[in-house]
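K.L.:
Dropping a structure here in structure tokens format, bear with me for questions.
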Amino acid sequence: MKARAKELGLKGVRVNMAGCLDRCEFGPTMVIYPEGVWYRVRSRAEVNAVLEAHLLRGERVPALMLTERDVVEKAPKPRGDGAAAAVAAGDG
């Protein structure tokens with residue numbers, strides 16, 4: 001993706017690798033900031049489609065976008081100090 005962004009001459013764009021971004025269930029994902037638009041990309045062709053449409057032309061690629069309907073809110077992970085259990089039990 002970095003190489004392709006450079007080939008396209010995208011200025012002011014930073015491509016960097018991250019962990020799963022807490023969306024592992026969707027496979028490879030990317031998010032474009034500052035808009036906060038999420039995409040599921042499974043091939044080089046899909047990555048290229050997002051780079052060309054979103055970053056070159058300012059358009060979106062709806063077929064690849066993750067929406068709030070796709071993202072299910074996850075329960076908070078226990079902190080390990082008993083606080084989450086106390087709140088769940090009504091003691092907090």
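K.L.:
In segment 1-21, whose amide N lies under 17 Å from the spot 7 Å out along Cα-to-Cβ of residue 43? List them in ranges.
P.N.:
What the label zone holds, given the 17 Å backbone N cut-off, is 1.
K.L.:
Now for a separate question. If you consider only alpha-carbon coordinates, what radius of gyration and Dmax does segment 1-62 have, in Å?
P.N.:
Here Rg and the maximum Cα pair distance are 11.2, 32 Å.
K.L.:
I'd like the FRET efficiency for residue 24 and residue 53, computed as 1/(1 + (r/R0)^6) with the beta carbon distance as r and R0 of 35 Å, rounded to 0.05.
P.N.:
Values: r = 25 Å, r/R0 = 0.71.
Result of the calculation: an efficiency of 0.90.
K.L.:
Roughly what would the spin-label model give for residue 6 and residue 71, points 7 Å off Cα along C-beta, in nm?
P.N.:
3.0
No value in this document is a laboratory result; all are computed from the given coordinates. On a predicted model such as this, the values are computed, not experimentally measured, just so you know. Virtual Cβ from ideal backbone geometry, glycine too; neighbours counted across all protein chains shown.
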